[in-house]
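Structure first, then comments.
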Amino acid sequence: MTELSPNHIERRRNGDRRKIGKRKKLILKWHRTLGLVSALFLVFLAITGVILNHGPALGLDGRTIDSPWLLDWYGMELRDEIISYRAGDHWLSWSDDHLFLDGRAVVERAAELNGVARTEDVIVVATLDTVYLLTREGDLIERLTGAALPGPIVRLGETADNQLIVETEAGRFAAKAGFMGWAPTELNALWSVPTPTSDPIRQKVLVDYRGEGLPWSRVLLDLHSGRLFGSWGPYVMDATAIILVILALTGLINWKRRR
Amino acid sequence: MQFCLRHCILACVMLTLALPAASAKDVYQDPSAFVADAFGGAAPEPKLLWVTRKLKPRVREILDRNLGQLRIRYWARESRTVWILDEIGKTKPITTGIVIDNGQIAQLKPLVYRESHGWEVRYPFFTDQFIGLTLNNDNKLSEHVDGISGATLSVSALKRVARLALYFDAQVSAKHD
């Protein structure tokens, strides 16, 4: 084995140093590039993650979204046509088993409407087997069913002197005071009929209905996982997570070398 | 043989599809008839109980939600009150008739059942357990009611309406005393 001269050893040492320096530069370069590329996603992941962590405290499940484009994105469309009636200056609309007063859902699990009327302080909404009594603010006073009705209601109307009449298969009945009973009658009534839903009411119904079904927690979770951005979204977030691991490793290597 | 098997499968599929439709709304007794029966055939005029701010917290405690309406209709004569209450089992309301006599449940009967499962709660082996029950100070039933496996949510719904009817009865009785 031949002995190496001091110059030779020095050259080799310099070569090794250059090699190490090159690798160090490469790691630093990648560390910087990956950091820059992923910075936006990392900030995004961190913010959505922190918010989701405190979701219950922030009431994210209870709060809903009414942004039309976001709701459209989720494909939250009403299944049924919106059917509306006028009751004085109020709009009563029905769609997807929901009853809306002036575009705001006030009753769930309501059947299709058969008529609407308004007394001095009560809004009366009739379906085949239920009569809903609402305040003008939309609070449900009472739900009249079965024993409280003269029979399945075909239509609802008012006489000229504002007496409320329902038509059933067994004939016509007039509501007693306070809706505490029904008396058979032969009186003629002006029957309540549907009216085309105005655009503002349609918009309010859509926003209210859709908002009911899309909590903030759902959207934030889909943002965090990337699902909101389509089928490639989760892969982008996966890539960001992998980059985060690489950043941690390259950072550790750099730190160790500096020591 | 293969023809026969095909028909059997088709019949099974049709039966399966028909079953939920058949159980979409089962009326065991018309609510008006239930009220009339509870008073020996002639129901008195209905009365109203307003669910005031004072009653609301207890109602919420019993139902684990707000009642969602401002007044409740009931029928009363002497020591007897009758209540027709709707409560959701799993997804749809069960209409139940409850007769309270002297602060005790005299009868509890599901009248209209709309759920696809849990209809066993209609049978006397279950509903008879409620007879004679009262309400404790903490708004619980005085005795344990055995559940039915596969009908847990319907059983819970009926327990809630039983408690609610007893609570409402106590309110209207207190008003008359």
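Each value in this text was obtained by applying a stated rule to the coordinates, not by laboratory testing. What you are looking at is a predicted structure, and each value in this text was computed from that prediction instead of being measured. Please note: Cβ atoms are built from the backbone with ideal geometry, for glycine as well, and neighbour counts cover all protein chains shown.
Based only on other Cβ atoms within 10 Å, what is the fewest-to-most ordering of B:PHE125, B:PHE130?
Ordered from fewest to most neighbouring Cβ atoms within 10 Å, B:PHE125, B:PHE130 come out as B:PHE125, B:PHE130.
List the chymotrypsin sites (Phe, Trp or Tyr not before Pro) within segment A:175-259 that DSSP assigns to loop and that have no more than 14 neighbouring Cβ atoms inside 10 Å.
Filter output for segment A:175-259: A:TRP232.
How many angstrom separate the Cα center of segment A:245-259 from the Cα center of segment B:36-113?
Centre-to-centre distance over Cα atoms comes out at 71 Å.
Quick check on my link table: of A:LYS176/B:LYS90; B:LYS25/B:LYS54; A:LYS176/B:LYS56; A:LYS29/A:LYS256; A:LYS176/A:LYS204; B:LYS56/B:LYS140, which ones sit more than 26 Å apart, alpha carbon to alpha carbon?
A:LYS176/B:LYS90; B:LYS25/B:LYS54; A:LYS176/B:LYS56; A:LYS176/A:LYS204
If you scale each eigenvalue of the Cα gyration tensor by 5 and take the root, what three semi-axes come out for chain A, rounded to whole angstrom and sorted largest first?
For chain A, the ellipsoid semi-axes come out as 75, 14, 12 Å.
Using a ≥ b ≥ c from the Cα gyration tensor of segment B:25-176 (square roots of the eigenvalues), is it rounded, prolate or oblate, where a/c under 1.5 gives rounded and otherwise the larger of a/b and b/c decides, a/b for prolate?
rounded
Arranged by the count of other C-beta atoms within 10 angstrom, fewest first, what order do A:VAL154, A:VAL193, B:VAL99 take?
With the fewest neighbours first, A:VAL154, A:VAL193, B:VAL99 line up as A:VAL193, A:VAL154, B:VAL99.
Any aspartates and glutamates with Cα under 14 Å of the B:LYS47 Cα? List them, leaving off those in the same chain fewer than 8 positions away.
Here the aspartates and glutamates satisfying the reach criterion relative to B:LYS47 are A:GLU142, B:GLU78, B:ASP169.
Relative contact order of segment B:113-177: what whole-number percent is it, with Cα pairs under 8 angstrom and at least 6 residues apart?
That works out to 34 percent.
First obtain the Kirkwood hydrodynamic radius of the protein assembly as shown from its Cα pairs, then insert it into the Stokes-Einstein equation at 10 °C and 1.306 mPa s, and state the resulting D in µm² per second as a whole number.
The diffusion coefficient I find is 58 µm²/s.
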